[in-house]
Every structure is written in structure tokens, then in C-alpha cells.
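Input: a single structure, listed below in C-alpha cells.
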Amino acid sequence: MWQTQVRPIVGQTQLSACSTLGWIDEQVQLRYFLGEVCLFRIGLAGKIYRWPLEPSPYAHPEPTELAIEIPKKISVVVYRGYPISEHLPRLRVFTRSIRYVDDQGYRYYTDLQGSFEDYLTKFSRKTRETLRRKVKKVAVMNGGAVDCRVYCAPHQMAEYYRLAREVAVKSYSERLFQGGIPDNQAFRDGMCRLAKEDRVRGFVLFIRNQPISYLYLTIENGIVRSSYLGYNLSYSGSSPGTVLLYLAFETLFSERRFRYFDFGYANNQTAHVFSTGKFLRADVYYFSKRVVNYSVVYTHAAIELFSIFSGRALEAFGLKGLFKKVLRWA
């Protein structure tokens, strides 16, 4: 039997009641993807409303026109994670705005009430055995014990960030679409601020004292959100990301203070396996009717459409899997 060593969380304080839900003045990053490759991104002055996690089957009516004028100083107003009952038309032009609906899909979440043992019963016997086998494999590679460390106190964040970035530069998400934990001072400052409010959890998985996978979580009103997950591609055969998430859930359940784990917009096998529920949502953009915004929206829609059809063509010829592997190791 292997041993699991999840280093204890130190410097823990009461969960802050501070909230970032609601309207935020923030630059809106619109990314242009061809498949999984980010071609470029455009930053626009905007206002963002981050819709809170609503696991109930309740969905809001289809958004039509904004009730207020878009301020002249901004280009776009965004509702992130707007709950919907069915897929919406991608593009509609209204009297005062251009509505663009992007990234429609399911929002996956896990109910963190109860115990970790109760949570594991939601998996089939085969899946439980597979997950435990993956954990055991990492333990064997580390000399018989799993080495997972948790960081949450302000004085721990510098070390966590260093380790996370060390893994990120060797990860698939960083190489392909710059999706690793951000390498900038603004993010580091924000991370330290969240740590002071006890609203962050950083996990790192080690083998022989070398970091191989990291997970960065933020906390908001009892909801834990998965923000960044990455692993060293050299260890991909050991499923380090899956193992780390398994260990992170074990720790989160043990704290007995959180309501949900939010996978955000992840639509992958990991979210499918670890989640306990889902609901349909979309990002809804309202652009002011300016010539430049028409160009931004229609270019994004055209690239997205081309990406979908090219992906289907590669799949039809049996080349999609090979193409993705080449990109990952490029």
C-alpha cells in the first residue's frame, strides 16, 4: 500500500466574505483560436459580469437588448457564464448593440458537501480502481509515497508561484495557447491579495522533489473555482493532472467549508469524470455599434467557423489525433 502525503495547510484564517461577483471594469480579452492554437488576441475596454454558479435547472430567458446604453468609453459589455436552456444564435444585431454569443457549452461542477468517501461512491467501481491505480503509480515513482503539497498562506505564495511556473513552461497548455498560470506581476499581486483573504489554494505534485503538476484554485462565497491546471509533458504517461486533482478533492472535502467546485468552462474528460452535475451556459457579448467592432466580431466568427470545419475534415480523414499530438510536442 502506498502512502499519501498531502502537506498540511498552515496559516489558515476564516473564509473572507469579500466578493468579486457583479460588474467589473476590466479589459476584455477576445482570443482567436484555430482549433486549439491561439492565433492572436484583442484587448477591449469593457464591463464584465461574472455569473455565479447556479447548479439548479433554472435558466434565464434569452438575453435580447441591453436595458442601458453602452458607455462611450467602453467597447463591450460581457455576461460570463449566462445560464441558458438551449443554444443561442451566435450573432444578432440590435438597435443599439451587436450581440455575440461565444463559448456555449456545459458548466461542470462538483458538490463538496459530505465526505470524500461519499463522493467516491459516485464513480463506478472500474473508475475508482483506475484512479487509485494512477495514484499508486505516482507513489511508486516517488519511492512509495505520494508527495502533494498545499499552499494558501501569504508567505507561501512566492514559493508556490515559482514552482507552478517551473511546471507551466513545460506544459501542453503553455506551449499551445499560453494557457498556463500567468507570468506577470499583476497576477502575482492578485494571488497574494487572495491569500491574505484565505481565498486561494495552490497544489503542487512532486516526484523526487521535482514539481511535475500544479493546480491553482480561487475561492468565492464558498465556491472553489479551478483556474489553472498544468503538468510537465515528460510525465504525461503518469496522468499527473488527474492524480493531483484527485488529491486536491480529498483535501477540499476534508476542510468541510466549501459548497461547490466549479470547473469553469472546462469541457474535457477530467471535468466529465470528476463532476457531479452540469448546466448549459454561454458568454454573451454586447458590442457597441462601431465599425471596428463589426470587424472584431465577424473576424472572430469566421475563424471559429473555419476551425470547426477544418477540425471535422481532419477527423474524417483520421488525422485529428495525430495533428493534436504534433502540436503538443511542437
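Per the listing 215, 194, the residue uniquely within 20 Å of residue 131 (Cβ to Cβ) and either at pLDDT 95 or above or touching a strand residue (DSSP E or B) at 6+ places or on another chain (Cβ under 7 Å) (or both) is 215. Picking from residues in the stretch 218-264 that are touching a Phe, Trp or Tyr at 6+ places or on another chain (Cβ under 9 Å), among the polar types (S, T, N, Q) and under 21 Å from residue 52 (Cα atoms), the one that is surrounded by the most Cβ atoms within 10 Å (Cβ to Cβ) is 226. Looking only at the stretch 261-290, which residues are closer than 27 Å to residue 98 by Cα, out of contact with any Ser or Thr (no Cβ under 7 Å at 6 or more places or on another chain), part of a strand (DSSP E or B) and not hydrophobic (A, V, I, L, M, F, W, C)? Of everything in the stretch 261-290, those that are closer than 27 Å to residue 98 by Cα, out of contact with any Ser or Thr (no Cβ under 7 Å at 6 or more places or on another chain), part of a strand (DSSP E or B) and not hydrophobic (A, V, I, L, M, F, W, C) turn out to be 281, 283, 285. Taking into account only those residues within the stretch 27-40 that are closer than 27 Å to residue 52 by Cβ and modelled with pLDDT of 85 or more, which is surrounded by the most Cβ atoms within 10 Å (Cβ to Cβ)? Filtering the stretch 27-40 for residues that are closer than 27 Å to residue 52 by Cβ and modelled with pLDDT of 85 or more, the one surrounded by the most Cβ atoms within 10 Å (Cβ to Cβ) comes out as 30. A single member of 110, 121, 127, 95 is hydroxyl-bearing (Ser, Thr, Tyr) and touching a Ser or Thr at 6+ places or on another chain (Cβ under 7 Å), and it is 110. Mind checking whether some residue in the stretch 130-142 is assigned to a helix (DSSP H, G or I), without any contact (Cβ under 8 Å) to a residue 12 or more places away in the chain and more than 27 Å from residue 275 (Cβ to Cβ)? The answer is no; no qualifying residue exists.
Every test in (1) basic (Lys, Arg); (2) more than 20 Å from residue 274 (Cα to Cα); (3) within 22 Å of the chain's Cα centre (by Cα) is passed by residue 72 save one, and that test is (3). One residue is enough: does the stretch 110-121 have a residue meeting the conditions assigned by TED's automatic domain parsing to the domain that holds residue 145, assigned to a helix (DSSP H, G or I) and of a type in the set (Val, Ile, Thr)? No, every residue in the stretch 110-121 fails to be assigned by TED's automatic domain parsing to the domain that holds residue 145, assigned to a helix (DSSP H, G or I) and of a type in the set (Val, Ile, Thr).
Counting only strands (runs of 3 or more DSSP E) that sit wholly inside the stretch 176-248, those with at least 2 residues that are of a type in the set (Gly, Ala, Ser) are 223-231. Checked against (1) more than 24 Å from the chain's Cα centre (by Cα); (2) not in a loop (DSSP other than H, G, I, E, B); (3) not assigned by TED's automatic domain parsing to the domain that holds residue 291, residue 92 passes all but condition (3). Contact map, the stretch 168-183: first residue farther than 16 Å from residue 34 by Cβ, second residue among the polar types (S, T, N, Q) and modelled with pLDDT of 65 or more, Cβ cut-off under 6 Å, separation 6 or more or different chains; pairs are 170/232; 180/171; 180/173.
The values are calculated or read from the model by the stated rules, or taken from the named source; none is laboratory data. Model, not experiment: these values are computed from the prediction. All Cβ positions, even for glycine, are placed from backbone atoms using ideal geometry, and neighbour counts span all protein chains on display.
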